[in-house]
Amino acid sequence: QEALAVYRRMIQLDPNRETPYLGAAKVLREAGKLDESEELVKQVLRMQPSNPEGFTAMGDLLLDQENYPEAEKWFRKARDIDPNSSLAITGLGNCLNRAGRLKEARDLLQRGYEKDKNSQALVYNLAVVTERSGDAKTALKLYQESLKIDPDHSMTWNNLGSLLDRGGRREQAVKCIQKARELDPDNVEATYNLGALMLTQKKPNDAIPLL
């Protein structure tokens with residue numbers, strides 16, 4: 001709510017600047033208020049019809065609704081405007097991944113990674129696709145790279161912990177998933193994973209509140 005209030009104030013001060021519209025749209029989308037978010041994105045596209053971030057934001061909205069074909073169209077439009085946009089490449093890669101098109105997703109994200117190794121979102125999504133493709137060793141390195149860029153990304157810690165657990169490195173796995181929950185107590189996946197790890201360590205009293 002605080003972030004949304006800041007963005008709305010910025011819009012009032014400078015209604016012709018697209019950045020706060022996109023920021024507010026993202027906050028609303030993450031809060032599940034998709035209709036309000038969509039209206040702000042449309043406003044950006046009315047102001048700047050060739051803004052690739054506007055097209056990407058619309059793709060994200062459709063992705064949240066699991067409308068992969070339409071989301072893909074918007075991400076590709078963003079790439080048509082700016083072929084090197086890490087934001088558009090990440091969105092499209094995530095879309096292809098969620099649609100089950102793993103090879104396309106990995107190839108696309110890998111090409112993006114070779115051009116921009118400083119985009120946390122791109123590196124993280126490449127790690128996710130790489131893990132889903134069965135390449136645990138490379139995925140592990142990519143999750144670690146992602147954390148160097150943004151050490152406060154809860155899902156990276158969670159995924160890294162899960163990967164370490166499957167590799168038999170249970171103590172390290174617990175620490176990673178605990179870190180994920182410290183950063184985001186509402187991370188449902190991390191909460192469940194930590195509970196499952198507690199059970200495997202024969203600590204039911206610790207596990208029960210988490211499951």
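Worth pointing out:
- Carbon plus sulfur fraction of accessible area for the chain, probe 1.4 Å, in percent: 48 percent
- Cα-based reach from Lys73 at 20 Å (exclusive), listing lysines while leaving out same-chain residues under 8 positions away: Lys26, Lys42, Lys103
- Taken about its Cα centre, the stretch 59-211 carries a charge dipole of about 600 debye when Lys and Arg each add +1 at the Cβ and Asp and Glu each add -1 at the Cβ.
- Angle between the chain longest axis and helix 52-64 axis [Cα atoms, degrees, rounded to 10]: 50 degrees
- Whichever aspartates and glutamates have a C-alpha closer than 20 Å to that of Lys179, once near sequence neighbours (fewer than 8 apart) are set aside: Glu145, Asp150, Asp152, Asp165, Glu171, Glu189, Asp206
- Cα pair count fraction exceeding 17 Å, expressed as % - the stretch 48-196: 62 percent
- Listed residue pairs exceeding 32 Å between alpha carbons, taken from Lys33/Lys77; Lys33/Lys115; Lys115/Lys137: Lys33/Lys115
- Taking all protein chains into account, the per residue accessible area for the stretch 78-211 stands at 53 Å² (1.4 Å probe).
- Note, ³J(HN,Hα) from phi for the stretch 169-184, Karplus 6.51, -1.76, 1.60, rounded to Hz, x at Gly and Pro: 9, 5, 4, 5, 4, 4, 4, 5, 6, 4, 4, 4, 6, 4, 6, 9
- Max mean-square fluctuation residue, GNM over the chain, Cα-Cα springs under 10 Å, options Leu147, Leu61, Leu199: Leu199
The values are calculated or read from the model by the stated rules, or taken from the named source; none is laboratory data. As the structure is a prediction and not an experimental result, all values here were calculated from the model. Using ideal geometry, Cβ is built from the backbone for each residue, glycine included, and neighbour counts are taken over all protein chains shown. Protein only, heavy atoms only, side chains kept; ligands, DNA and RNA dropped before computing areas. Shrake-Rupley method; radii C 1.70, N 1.55, O 1.52, S 1.80 Å.
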